[in-house]
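Since the structure comes first, as structure tokens, the remarks are kept for the end.
The values are calculated or read from the model by the stated rules, or taken from the named source; none is laboratory data. Being a predicted model, the structure only gives us computed values, none of them experimental. Cβ placement follows ideal geometry from the backbone for every residue including glycine, while neighbour counts extend to all protein chains displayed.
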Amino acid sequence: METKYWKVFKDDINHKIIERAAGIISDGGLVAFPTETVYGLGANGLNSQAVKRIFEAKGRPIDNPLILHVAEAEDVFKLASQVTECAQKAINTFWPGPLTIILPKQKDIPIEVTAGLDTVAIRMPAHPVALALIKEAGVPVAAPSANRSGYPSPTTGQHVYDDLGGRIEAILDSGFTGVGLESTILDLSGDIPTILRPGGITREALSEVLGTVRVDPGLTDLQQKPKAPGMKYTHYSPRAEVVLIKGERENVRCKICELVENYFCMGKKIGLLLTEETWENIDDKVMLSATYSKNLGSCLALDEIARMLYGELRSCDVAGVDIIFTETYTEKGLGAALMNRLLKSAGYKVVNV
Ligand code: TXA
Ligand code: MG
């Protein structure tokens, strides 16, 4: 299949393109589109056949449910059978934005979307191109991240093309996404709001509005099954092995130098994704031994590191790197999402120094 690749400027949207893309969705096809988090792979969320195609294109396990994307907050009432006061507060405060809420589902939502669960995930993205497409399609748009299953989510149209070119009808390219990590998933179907996946809206921000907010214990305790089915898979992983080095800055720097020398001697191609603070103190010789290296900026600017992370993991693969050494961050604020993705991409391999 030839994949149409359309550039759309988010400040000057070409509505002819949006109409064509929405037409593809109405006809049961797949269109990748930008959101403020990562690119999504959209289909008509009320059409079982179209939704099945998402799973085929991505190679996604069928027991991993999808998020329905809406263009109006009120659409939540068409999709959820019960919208609590707490859910209303969350919607009023954080939509449009990087927050997905889980609520009891309406009967008519296809089983393929919810993977047989009695709840449904709903989100209103804060991206003018996403909103224009969903509005024009006139249906809730089921969309996972637009990557091959298990690979880091796409933050540019080119990433989507690299993964799904030839497998989907069209890609709307609006350049880089904003947050760079996926939305926060908040389960509001029980008594206490529970984060099933940390993301662009922090626990701290949610607590300010909703009071007590729990974090699914399955996210950190590897013996427990996470409540979001997608969180149990190896995920966000480049082909290269990822290793996190954790400890005092100087110890981290020494360990990275030692590891680079050892792996270089073994003939391995090395990737280094480092904070500015560590980068500045690495010897030239060590740096030259790396096949790919990137200064991610200050460890204090977590938003910038989050924005760059997936693209840089992909760049390491493009450079043919065997092993990537990178660092750990505070788990406060956006750091919770960043560390969740880093730990998963590393398969929980952490060298403590
Ligand atoms: O930022 C995002 O959320 C992006 C953009 C495209 O909106 N989408 C995204 O979708 O990350 P996906 O499919 O890659 O991740 C959705 C996650 C999966 O871990 C899935 O298991 C979980 O949401 N999920 C979906 N429905 C659920 C439900 N009813 N109960 C629990 N978890 C659910
Ligand atoms: Mg995904």
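Quick notes on this structure:
- Pairs where the first residue, in the stretch 171-195, is under 21 Å from T220 (Cβ atoms) and the second is among the aromatic types (F, W, Y) and modelled with pLDDT of 95 or more, C-beta under 8 Å, 6+ apart: L181/Y310
- Boolean, T212 is surrounded by fewer than 18 Cβ atoms within 10 Å (Cβ to Cβ), without any contact (Cβ under 8 Å) to a residue 12 or more places away in the chain and not charged (D, E, K, R): no
- Residue, nearest to L99 (Cα to Cα), within the stretch 149-160, restricted to residues that are more than 10 Å from ligand 2 (Cβ to nearest atom) and outside any helix (DSSP H, G or I): T155
- Residues satisfying the stated conditions in the stretch 113-134, i.e. near ligand 1 (Cβ under 9 Å from one of its atoms) and part of a loop (DSSP other than H, G, I, E, B): A115, L117, D118, P125
- Cβ-Cβ under 6 Å pairs, at least 6 apart or on other chains, the stretch 135-154 side more than 11 Å from ligand 1 (Cβ to nearest atom), far side of a type in the set (A, V, I, L, M) and assigned to a loop (DSSP other than H, G, I, E, B): K135/A71; V139/L46; P140/V70
- Flag if I18 is in contact (Cβ under 8 Å) with a residue 60 or more places away in the chain and surrounded by 15 or more Cβ atoms within 10 Å (Cβ to Cβ): yes
- Within the stretch 192-201, considering residues that are at pLDDT 95 or above and not aliphatic (A, V, I, L, M), the one farthest from ligand 1 (Cβ to nearest atom): P193
- Filter result (out of contact with any Pro (no Cβ under 8 Å at 6 or more places or on another chain) and within 16 Å of ligand 1 (Cβ to nearest atom)) within the stretch 9-31: A21, I25, L30, V31
- Search result, residues across the stretch 216-241 that are outside any helix (DSSP H, G or I) and more than 15 Å from ligand 2 (Cβ to nearest atom): D216, T220, D221, L222, Q223, Q224, K225, K227, R239, A240, E241
- Hey, E74 away from ligand 1 (no atom under 11 Å from the Cβ), touching a residue at least 12 places away in the same chain (Cβ under 8 Å) and in the same structural domain as A22 (by TED's automatic domain parsing) or not: no
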